[in-house]
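Engineer: For reference, the structure I am asking about is given below.
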């Protein structure tokens with residue numbers, strides 16, 4: 001997989017990550033988002049946040065299983081895009097649904113558990129995005145930084161709960177189940193690696209490995 | 001399907017009509033899928049001819065009524081109603097039909113009939129999502145007898161001067177303009193007169209979210225969102241403030257007395 005190391009690889013992935021945003025922006029102006037564009041934008045940005053969460057959590061398993069160490073170079077960018085779509089999701093809700101009325105928004109978040117859960121997830125995700133650059137890692141120390149960034153698993157749980165609650169009134173869990181299954185497999189893989197006998201031998205033979213295992 | 005202008009009080013709002021395109025492509029009709037674009041895509045399989053509606057229960061003249069006879073039972077009128085969906089959006093739609101009371105009078109309910117139950121088609125061969133666990137099938141709705149007899153309660157066969165598109169509940173549906181849209185049973189095959197409040201599809205699915213009455217009410221929130229405002233499809237732009245929702249969807253003058261003395265927070 002030499003392509004992953006090509007100088008153009010990062011800009012290409014960056015552009016790919018922006019495609020959903022470009023598509024939605026174009027749709028909003030060209031009026032191709034259906035009868036209720038506000039609802040479409042709120043839902044689509046939420047969907048893309050979950051998708052990027054799945055993608056970023058798939059980096060480490062793929063890197064190990066396929067033996068593509070170069071994949072790790074893309075993890076930070078994918079994580080920041082996950083935050084970007086999450087922030088857009090909040091902005092769309094705040095603007096199109098709530099007219100940017102801050103007291104109303106605060107009351108709505110406090111009153112409705114499914115919004116509160118989504119909001120907490122985004123607050124956490126914002127912390128991770130804000131500490132994603134090299135200087136932050138140095139300032140915090142690798143160990144503490146890693147501990148903080150384990151919160152991505154909490155973000156995944158909150159995101160699924162948010163989506164589940166949102167759909168629960170309609171008993172419509174098919175899509176929720178797909179995301180939950182993907183995230184479950186990605187988290188399960190990590191647990192299995194951590195607690196399997198092979199992991200014990202790995203740890204014993206390389207006790208001081210400083211690199212993030214993700 | 002032509003309809004004469006209705007003389008019923010409140011039956012013709014002067015507001016701007018929602019485009020036919022939007023009204024026939026943004027639908028909740030779960031038998032054809034849960035996405036609002038699904039019904040327009042999938043409903044072409046629905047067979048609306050032949051069609052009949054079975055009238056049964058506490059009624060003196062039960063039986064199967066053919067669609068042709070129902071169409072001629074009373075003069076077709078055009079009614080321009082606001083429609084407010086429980087999800088927080090609204091439309092203005094010119095329906096064609098006549099007051100349900102005309103049919104009810106014709107079949108002569110017995111004195112013990114206190115409620116009217118509406119059952120809709122649930123044919124897995126033509127409706128791909130019948131059988132999904134989202135709702136129990138067939139889709140059931142109900143009204144109290146005085147609500148069913150109210151002149152604004154419409155038995156509708158058409159919209160925008162044409163017969164109903166399949167995704168909008170062809171060939172015959174209910175329109176109760178002061179209630180949330182899901183009360184408007186589509187593709188009706190059975191009307192049953194009963195003495196007890198009938199179970200309704202959404203109430204069975206989530207009783208804390210969808211009550212039997214489901215009158216449009218800005219003061220009673222849905223557990224997951226506010227009902228104080230709404231977005232008028234095709235008219236309220238992306239950045240426009242949403243418009244205020246009116247009690248009984250603006251039909252309070254006509255229907256308010258039906259609920260005199262009732263606690264609308266309890267009977268949501």
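The values are calculated or read from the model by the stated rules, or taken from the named source; none is laboratory data. None of these values were measured; they are calculated from a predicted model. Cβ placement follows ideal geometry from the backbone for every residue including glycine, while neighbour counts extend to all protein chains displayed.
Engineer: Taking the options A:114, A:119, name whichever one is in a helix (DSSP H, G or I), free of Cβ contacts under 8 Å to residues at least 40 places away in the same chain and under 16 Å from residue A:90 (Cβ atoms).
Structural biologist: A:119
Engineer: Next up: Would you confirm, using the coordinates I've provided, whether residue B:122 is free of Cβ contacts under 8 Å to residues at least 24 places away in the same chain, surrounded by fewer than 24 Cβ atoms within 10 Å (Cβ to Cβ) and out of contact with any strand residue (DSSP E or B) (no Cβ under 6 Å at 6 or more places or on another chain)?
Structural biologist: no
Engineer: Mind listing just one residue for me: the one in the range A:23-44 that is in a helix (DSSP H, G or I), within 12 Å of chain B (Cβ to nearest Cβ) and in contact with a helix residue (DSSP H, G or I) (Cβ under 7 Å, 6 or more places away or on another chain) and, of those, nearest to residue A:157 (Cα to Cα)? Before the answer, list the steps.
Structural biologist: As a first pass, look at the range A:23-44 and keep what is in a helix (DSSP H, G or I): A:23-30, A:37-44.
Next, only the ones that are within 12 Å of chain B (Cβ to nearest Cβ) stay: A:24-25, A:27-29, A:37-43.
Now drop any that are not in contact with a helix residue (DSSP H, G or I) (Cβ under 7 Å, 6 or more places away or on another chain), which leaves A:24, A:28, A:37-38, A:41-42.
Working: A:24: 26, A:28: 30, A:37: 28, A:38: 26, A:41: 23, A:42: 20 Å.
Step by step, filter the range A:23-44, then rank; the result is A:42.
Engineer: Also, I was wondering about something else. Mind checking whether some residue in the range A:45-55 is surrounded by 19 or more Cβ atoms within 10 Å (Cβ to Cβ), within 24 Å of residue B:27 (Cβ to Cβ), at pLDDT 95 or above and touching a helix residue (DSSP H, G or I) at 6+ places or on another chain (Cβ under 7 Å)?
Structural biologist: So far as the range A:45-55 goes, yes, one or more of its residues are surrounded by 19 or more Cβ atoms within 10 Å (Cβ to Cβ), within 24 Å of residue B:27 (Cβ to Cβ), at pLDDT 95 or above and touching a helix residue (DSSP H, G or I) at 6+ places or on another chain (Cβ under 7 Å).
Engineer: May I ask you to say which residue of B:140, B:148 is away from chain A (no Cβ under 14 Å), over 25 Å from residue B:50 (Cα atoms), in contact with a strand residue (DSSP E or B) (Cβ under 8 Å, 6 or more places away or on another chain) and crowded, with 20+ Cβ neighbours inside 10 Å?
Structural biologist: Details: B:140 fails: over 25 Å from residue B:50 (Cα atoms).
Sole residue among the options that is away from chain A (no Cβ under 14 Å), over 25 Å from residue B:50 (Cα atoms), in contact with a strand residue (DSSP E or B) (Cβ under 8 Å, 6 or more places away or on another chain) and crowded, with 20+ Cβ neighbours inside 10 Å: B:148.
Engineer: All but one of (1) in contact (Cβ under 8 Å) with a residue 24 or more places away in the chain; (2) over 19 Å from residue A:186 (Cα atoms); (3) in a helix (DSSP H, G or I) hold for residue A:104, so report the exception by its number.
Structural biologist: Every listed condition holds for residue A:104 apart from (1).
Engineer: Another question about this same structure. Of all residues being surrounded by 14 or more Cβ atoms within 10 Å (Cβ to Cβ) and in a helix (DSSP H, G or I) in the range B:1-27, which is farthest from the other protein chains (Cβ to nearest Cβ)? Just the residue, please.
Structural biologist: The extreme case among them is B:20.
Engineer: Here's something else I'd like to know. What number of residues within the range B:185-219 are out of contact with any strand residue (DSSP E or B) (no Cβ under 8 Å at 6 or more places or on another chain), more than 14 Å from chain A (Cβ to nearest Cβ) and surrounded by fewer than 18 Cβ atoms within 10 Å (Cβ to Cβ)?
Structural biologist: Result for the range B:185-219: 1.
Engineer: Right, next: Given the criteria outside any strand (DSSP E or B), under 25 Å from residue B:39 (Cβ atoms) and within 18 Å of the chain's Cα centre (by Cα), does residue B:148 qualify?
Structural biologist: So residue B:148 does not fit the description; no.
Listed here are the residues, each with its yes/no results for (1) within 23 Å of residue B:242 (Cα to Cα); (2) away from chain B (no Cβ under 14 Å); (3) surrounded by 17 or more Cβ atoms within 10 Å (Cβ to Cβ); (4) modelled with pLDDT under 95.
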site: A:99; (1), (2), (3), (4): yes, no, no, yes
site: A:104; (1), (2), (3), (4): yes, no, no, yes
site: A:110; (1), (2), (3), (4): yes, no, no, yes
site: A:121; (1), (2), (3), (4): no, yes, yes, no
site: A:130; (1), (2), (3), (4): no, yes, no, no
site: A:134; (1), (2), (3), (4): no, yes, no, yes
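Engineer: Could you grab me the full set of residues in the range B:167-184 that are in contact with a helix residue (DSSP H, G or I) (Cβ under 6 Å, 6 or more places away or on another chain), surrounded by 24 or more Cβ atoms within 10 Å (Cβ to Cβ) and either over 22 Å from residue B:4 (Cβ atoms) or free of Cβ contacts under 8 Å to residues at least 12 places away in the same chain (or both)?
Structural biologist: Passing the criteria: B:167, B:178.
Engineer: So, residue B:101, is that one in a loop (DSSP other than H, G, I, E, B) and surrounded by fewer than 19 Cβ atoms within 10 Å (Cβ to Cβ) or not?
Structural biologist: no
Engineer: Here's a follow-up. What number of residues within the range B:183-209 satisfy the criterion of being farther than 27 Å from residue B:51 by Cα and either at pLDDT below 95 or not in a loop (DSSP other than H, G, I, E, B) (or both)?
Structural biologist: 7
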